[in-house]
Amino acid sequence: CPVNRTNVALAPYGVSSLSMTKSDGGAFSLIGFQGAGSFNFNSFFWNPENIPDNIDVIGQLSGGGTVTQSFLINKTTGRNGALSFSDYVFNSGFTNLLSASFSSSGSAVSLFNGFAIDNINVAAVPEPETYTLLLAGLAAIGGIALRRKPY
């Protein structure tokens with residue numbers, strides 16, 4: 001859903017979710033994102049109880065198990081009924097994930113449990129090979145330092 005020359009992921013209405021994984025199947029960490037509730041421009045339906053209360057995120061950990069976090073949606077609206085995006089930050093449990101699913105909850109009418117997300121901040125989790133190469137490099141430097149004779 002293009003908005004202001006950027007792509008916004010929009011789960012419009014009803015029971016829906018957006019899922020993400022790393023393209024190579026590796027692990028990643030979530031840092032934060034921008035989000036808003038559903039956009040409802042029909043004035044008959046536009047009232048705070050029809051806007052979802054939360055954006056809910058479930059992360060699948062690479063070692064097994066899940067982590068969850070809910071973010072309270074700002075229900076302040078502009079003149080045209082559009083909701084403003086808010087900045088959200090994940091807690092430290094959202095590291096080493098294989099996938100993450102975004103959904104929303106809390107609307108008085110479940111049909112209106114829509115939401116939008118943008119600017120997802122992701123950090124790659126280094127693969128074990130990266131640590132192995134780092135340690136091998138440090139060991140090589142240490143070995144060279146030990147072989148040098150002091151003058």
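Note on I31 and N74: the model spin-label points, each 7 Å out from Cα along the C-beta direction, lie 2.0 nm apart. Between L133 and Q60, the FRET efficiency from the beta-carbon distance, with R0 = 22 Å, is close to 0.20.
Throughout, read-outs are computed from the coordinates displayed, never taken from laboratory work. Computed from a predicted model, the values in this text were never measured in an experiment. When we count neighbours, we look across all protein chains shown, and the Cβ atoms used for this are built from the backbone with ideal geometry, even at glycine.
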